[in-house]
Amino acid sequence: DPETTWNYEFGTRLSLFGSKLKADVALFYTQIRNQQLSVMSPDYGYGRVIVNAGKSYSCGAELSLRGNAFNNHLLWGANYSYTNARFKEYDDYDDAHNPVSYEDQYVPFIPQHKFSLNGDYRIGLNDGCLLHNVLLGANVAGQGKTYWEADNQEYQKFYATLGAHAAFDFGTVVVDLWGRN
């Protein structure tokens, strides 16, 4: 059956301290009927099939902050989101064909938490120089806990990745070198 949703969201966008700090805040709630899931084929034991999971819901909050300081030499950002996505109705069968209810279990593949932090510092050079600016930056992004199956037995723990970059602004050309783990 086709998946259908009703989505409700309330949010605001703020500009504070003379636009030195910008914030986005949102709360959301989503009702889902006939949620489509990719599951292992019960007939063959390998391969995936699409099934309907009955009803589920997702609710949560998101916060995003962006700012600048030191006469626009430092630019930074921070994001965080929390999602609680659970089944309201989802009945299936285990490998022995016994009925199983996944009611109140977390919906697979939806991280409960996500965050990121980033900062860039711009170093302005002399006007007569071929190189106009150098930008040095770093970031970190993470997510977790993420369940892999409807029974919530297998999951990915929280993890984060780091990154850094250096950009060289020559006016008409910018060379940006990145490294990420």
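The values are calculated or read from the model by the stated rules, or taken from the named source; none is laboratory data. Bear in mind the structure is a predicted one, so any value in this text is a computation, not a measurement. Note that we place each Cβ from the backbone using ideal geometry, even for glycine, and neighbour counts take in every protein chain shown. Please note that ligands, DNA and RNA were not included when accessible areas were found on the heavy atoms of the full protein model with its side chains. Shrake-Rupley method; radii C 1.70, N 1.55, O 1.52, S 1.80 Å.
Of all residues in the range 101-113, those that are more than 19 Å from Ala61 (Cα to Cα) have Cβ atoms under 9 Å from Cβ atoms of residues that are hydrophobic (A, V, I, L, M, F, W, C), 6 or more apart or on another chain, in Ser101/Phe87; Tyr102/Ala53; Tyr102/Phe87; Tyr102/Ala150; Glu103/Phe87; Asp104/Phe87; Gln105/Phe87; Gln105/Ala150. Among the residues of the range 143-181, the ones that are of a type in the set (Gly, Ala, Ser), free of Cβ contacts under 8 Å to residues at least 24 places away in the same chain and touching a Phe, Trp or Tyr at 6+ places or on another chain (Cβ under 6 Å) come to 0 in all. Of all the numbered requirements in (1) more than 30 Å from Leu37 (Cα to Cα); (2) of a type in the set (Phe, Trp, Tyr); (3) surrounded by 14 or more Cβ atoms within 10 Å (Cβ to Cβ), Trp178 misses one, and that requirement is (3).
Which ones in the range 76-90 are within 13 Å of Ser56 (Cβ to Cβ) and not aromatic (Phe, Trp, Tyr)?
The answer is Thr83, Asn84, Ala85, Arg86, Lys88, Glu89.
Residue-level check: of (1) under 20 Å from Glu62 (Cβ atoms); (2) not in a loop (DSSP other than H, G, I, E, B), Val134 misses just (1). Checking each residue in the range 23-40 for being open to solvent by less than 80 Å² (accessible area, probe 1.4 Å) and over 22 Å from Glu89 (Cβ atoms) picks out Ala23, Asp24, Val25, Ala26. Restricting attention to the range 60-105, the residues that are open to solvent by less than 40 Å² (accessible area, probe 1.4 Å), under 28 Å from Glu149 (Cβ atoms) and in contact with a Lys or Arg (Cβ under 6 Å, 6 or more places away or on another chain) add up to 1.
A count restricted to the range 106-121 and to residues that are open to solvent by less than 80 Å² (accessible area, probe 1.4 Å) and modelled with pLDDT under 95 stands at 3. Of all the numbered requirements in (1) touching a His at 6+ places or on another chain (Cβ under 8 Å); (2) assigned to a strand (DSSP E or B), Lys114 misses one, and that requirement is (1). Taking the conditions (1) open to solvent by 60 Å² or more (accessible area, probe 1.4 Å); (2) within 30 Å of Asp92 (Cα to Cα) in turn, Thr172 satisfies each one other than (2). Of the residues making up the range 137-151, those that are of a type in the set (Phe, Trp, Tyr), surrounded by 17 or more Cβ atoms within 10 Å (Cβ to Cβ) and outside any strand (DSSP E or B) number 0.
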